[in-house]
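The values are calculated or read from the model by the stated rules, or taken from the named source; none is laboratory data. A quick note: this is a predicted structure, and the numbers were derived from the prediction, not measured. Because the Cβ atoms are built from the backbone with ideal geometry, glycine has one as well, and the counts that use them run over all protein chains shown. Heads up: the accessible areas ignore ligands, DNA and RNA and are worked out on the full protein's heavy atoms, side chains in. Shrake-Rupley method; radii C 1.70, N 1.55, O 1.52, S 1.80 Å.
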Amino acid sequence: MELIVFSDESGVLDRKNNDFFVFGGLVFTSYAEMDTATRLYANAEKYVKQIENLSENEEAKACILSNSLKGKLFRSLNRFEKFGAVVQQKRVNENIFNHKKSKQRYLDYVFKIGIKRKFMSMAENSVFKPIDVTKLTFYVDEHSTATNGRYELEQALEQEFKHGTFNFNYQIFYHPIFKNLQSVKVNFVDSKTRTLVRGADIIANRIFHHALESDLTSLRLRQRFCISEFP
């Protein structure tokens, strides 16, 4: 079986001016489920665009919508598996912020561990059996990632889920959770062309604002929602 992930981010990784950075997104276990989510979100999005007088080519981005309209879009995804990863920037080692490379590696780490915890939660709740998973496909908003960063993210995910990772500090090897995994593919896409990446934008924005209000617990209590905090 294949797991399909859509994700986006909210905030800026800059500890001097920002308290939080967030990844958010959706996980599907079949293309039929993904198609259902696409249809439901597109219908809600069409309504929101009419209210906001947005043209067909304009995106209903979280940053321009009222809370009530963002809420309508968010609720259209209620029945589907969601995840989030929240970086509390003031607690991150400040040396990480000194170089673009170290910042990108840290974000890759946050993303892969955040989605790993979501996968494990789904398996524990019998949504799927890890032994059945043979393929992981990711759709990520392309707007802020350099070409070499895209390749490194795919490599990090493949290492984590296909080969396993070794912690040199503690001399511990972490076996991959998907023993029969054959491929990991990361697709960087324009949100204009992927409905559910726009849905991931709404989810990331919701998590970001709950983090600002110190109220992540209320999201965690929702069915099908797994949120991890870092560091």
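In region 58-77, the qualifying residues are those that are part of a loop (DSSP other than H, G, I, E, B), touching a residue at least 40 places away in the same chain (Cβ under 8 Å) and surrounded by fewer than 18 Cβ atoms within 10 Å (Cβ to Cβ), and the one that is nearest to the chain's Cα centre (by Cα) is K61. Going by the conditions given, is G84 touching a Gly at 6+ places or on another chain (Cβ under 6 Å) and either outside any helix (DSSP H, G or I) or within 27 Å of K16 (Cα to Cα) (or both)? The answer is yes for G84. E152 meets each of the listed conditions (1) open to solvent by 30 Å² or more (accessible area, probe 1.4 Å); (2) at pLDDT 95 or above; (3) within 18 Å of the chain's Cα centre (by Cα) apart from (2). When A85 is tested against (1) more than 21 Å from V5 (Cα to Cα); (2) crowded, with 17+ Cβ neighbours inside 10 Å; (3) in contact with a helix residue (DSSP H, G or I) (Cβ under 8 Å, 6 or more places away or on another chain), exactly one condition is not met: (1).
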